[in-house]
Amino acid sequence: MLHATRRLLTERLHPLERAAAVELVSLRGGREDAEALLPLLLADPEAHGDLVDPVVRHGSRSMAERLFDRFVAHGRLVDGAPVDLLWAFGWAGLEQARPVLFAHAQEPNWDAAPAAVDGLVQLPPDGMEAQVREAVQTCVGKWLFAEYLPALAGWIGDEELVDRFLVDDGRTELPSTDCMAGVVLAVGLLGRAGRERLRALFWNGPYPSIWYESVRATGRAMRLTGLGVLDLAAELRGRLADPDVEAEHWWFVLVRDMARHQAETHGAPSVWRFLPPPESPLDLHRAVFGPNDGWDQGLGHLAMQRLGVDGEWLSGEIHDLRRPIEDLIRRDALVAELDLYAGSTTTAVP
C-alpha cells in the first residue's frame with residue numbers, strides 16, 4: 001500500500017495535499033490501495049467523491065459493480081453520487097451501465113454529461129447506433145445543445161454525421177464556441193479517419209481555443225488521430241517559409257495553446273483506456289523552440305519577426321512555456337532513475 005493511501009485513510013489533509021495524494025494513488029497505486037479506499041467512498045460519497053478515480057482505476061470489476069449497485073437507481077445516479085462514477089463505469093467495462101450513461105449524456109449540463117460521454121465511449125455501442133444517431137441529429141444546425149453529445153457520432157463511427165457539424169454552407173448554423181468540444185471529440189473518435197478533418201479545423205480559420213473545454217477536447221482528439229504539436233509546429237514553419245505569405249497571429253496561438261495544454265496535462269492519469277500516449281516533453285520542446293534550441297528556430301522569434309506588435313506579446317507567452325517543458329524533461333529523467341531502484345535491496349538511493 002502506498003504511503004499516500006495511508007495518509008488518505010488516517011489524516012485530515014489540506015485540500016492541495018489531498019489532491020496530490022489522490023493523483024499519486026491514481027498514477028502509482030494498485031489493488032490494495034483501491035480495496036482500502038473503497039469503504040470510504042461507499043460510506044460517504046460527498047466527502048470522498050475524489051476517490052472514484054483511484055478506486056476504479058486500480059480496483060476489480062466487482063468493486064465497480066458494488067459502486068453501480070450503491071449509487072444507481074431508476075436508471076440514473078442517485079442524489080449525492082459523484083458524477084465521476086459515470087466515467088468510471090465505462091472504464092470498468094460495465095455494459096449494464098450504458099442506458100444510464102446515455103441518459104445522462106443527453107442532458108444539457110457541464111458535469112454529468114461529459115462524465116457520461118467519457119464512460120460511454122469506452123464501451124461497445126452494440127445495438128445503440130440508431131438511438132445515438134437520432135439523438136445526435138437533433139444537435140445538427142443548432143448553435144447550442146448538450147455540448148458533448150455529438151462526440152457519440154464518432155463513437156459509432158458515423159463519419160457522415162460528424163461531417164454535418166463541420167460544413168459551413170452559409171445556411172446551416174455552426175455550433176457555438178462553447179459547444180465545439182463534443183464536435184472535436186467526435187472527430188477524434190474517428191481515429192486516423194479524423195486526422196485530416198482535425199487538421200482542416202485547425203488551419204481553415206481561427207480555431208476556437210479560447211474555451212478551455214475545446215482545448216481539452218482537442219488535446220484528446222490530437223492523440224487519437226496521431227496529430228501532434230510537432231506536426232502543428234512543422235506546418236506553421238512551412239507556412240512561414242514563404243516571406244511573401246502574410247502570417248496570421250492565430251497560427252501561433254493555436255500551437256501555443258496546444259503546447260501549453262500538453263505541458264499542463266503531461267503525466268496526468270488518462271481519462272480513456274484507449275487514449276494513446278502523449279508526445280514526449282523533448283518533442284514538445286523541439287516543436288516550440290526548434291530542433292536544436294537555437295533562438296532563431298523558436299516560435300517566439302518567428303512571431304516577433306512576422307507579426308509586429310502581436311508578435312511581442314505572443315513571443316513572451318511562448319517563452320513562458322520554456323520552464324514548464326524543461327521541468328517535465330527533468331522530472332521524467334528523475335522518475336526513470338528512481339524507478340530503477342524499485343524493489344532494490346541497496347540503500348544507496350540518492
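Out of the residues in region 243-254 that are modelled with pLDDT of 90 or more and assigned to a loop (DSSP other than H, G, I, E, B), which is surrounded by the fewest Cβ atoms within 10 Å (Cβ to Cβ)? Among those that are modelled with pLDDT of 90 or more and assigned to a loop (DSSP other than H, G, I, E, B), it is Glu246. A search for C-beta distances below 6 Å between a residue of region 298-309 that is within 15 Å of Asp320 (Cβ to Cβ) and any residue that is part of a loop (DSSP other than H, G, I, E, B) and not acidic (Asp, Glu), counting only pairs 6+ apart in sequence or on different chains, returns Gly298/Gly290. Among the residues of region 306-319, the ones that are surrounded by fewer than 19 Cβ atoms within 10 Å (Cβ to Cβ) and in contact with a Gly (Cβ under 7 Å, 6 or more places away or on another chain) come to 1 in all.
For region 320-342, filtered to residues that are basic (Lys, Arg) and without any contact (Cβ under 8 Å) to a residue 60 or more places away in the chain, the residue that is most open to solvent (accessible area, probe 1.4 Å) is Arg323. The residues of region 1-36 that are closer than 18 Å to Val335 by Cβ and open to solvent by less than 90 Å² (accessible area, probe 1.4 Å), listed by number, are Leu2, Ala4, Ala20, Ala21, Glu23, Leu24, Val25, Ser26, Leu27, Gly29, Gly30.
Checking each residue in region 114-131 for being among the small types (Gly, Ala, Ser), over 15 Å from the mean Cα position of the chain (by Cα) and not in a loop (DSSP other than H, G, I, E, B) picks out only Ala130.
With respect to the stated conditions, Val52 fails to be among the β-branched types (Val, Ile, Thr), closer than 22 Å to Val271 by Cα, touching a Gly at 6+ places or on another chain (Cβ under 9 Å) and open to solvent by less than 60 Å² (accessible area, probe 1.4 Å). Look through region 267-288, keep the residues that are open to solvent by 40 Å² or more (accessible area, probe 1.4 Å) and charged (D, E, K, R), and return whichever of them is farthest from Gly316 (Cα to Cα). Among those that are open to solvent by 40 Å² or more (accessible area, probe 1.4 Å) and charged (D, E, K, R), it is Arg273. Among the residues making up region 141-161, a single one is farther than 18 Å from Trp110 by Cβ and modelled with pLDDT under 90: Gly141. Evaluating Thr5 against the criteria (1) closer than 21 Å to Val121 by Cα; (2) of a type in the set (Ser, Thr, Tyr); (3) in contact (Cβ under 8 Å) with a residue 24 or more places away in the chain leaves one unmet condition, (1).
Do the conditions hold for Glu264, that is, is it open to solvent by 30 Å² or more (accessible area, probe 1.4 Å), closer than 30 Å to Ala115 by Cβ and in a helix (DSSP H, G or I)? The answer is yes for Glu264. Scanning region 21-66 for residues that are outside any helix (DSSP H, G or I) and small (Gly, Ala, Ser) yields Gly29, Gly30, Gly59, Ser60. A count restricted to region 114-140 and to residues that are of a type in the set (Gly, Ala, Ser), open to solvent by 20 Å² or more (accessible area, probe 1.4 Å) and touching a residue at least 12 places away in the same chain (Cβ under 8 Å) stands at 0.
For (1) of a type outside the set (Lys, Arg); (2) closer than 21 Å to Trp272 by Cβ; (3) part of a helix (DSSP H, G or I), each residue gets a yes or a no:
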| residue | (1), (2), (3) |
| --- | --- |
| Val183 | yes, yes, yes |
| Ala186 | yes, yes, yes |
| Arg216 | no, yes, yes |
| Gly219 | yes, yes, yes |
| Arg223 | no, yes, yes |
| Leu227 | yes, yes, no |
| Ala233 | yes, no, yes |
| Arg239 | no, no, yes |
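What are the residues in region 78-113 that are crowded, with 23+ Cβ neighbours inside 10 Å and farther than 25 Å from Ala43 by Cα, if any? Selection gives Ala105 alone.
The values are calculated or read from the model by the stated rules, or taken from the named source; none is laboratory data. None of these values were measured; they are calculated from a predicted model. As a convention, Cβ positions derive from the backbone with ideal geometry for all residues, glycine included, and neighbour counts pool all protein chains shown. SASA here: full protein model, heavy atoms, side chains in, ligands and nucleic acids out. Shrake-Rupley method; radii C 1.70, N 1.55, O 1.52, S 1.80 Å.
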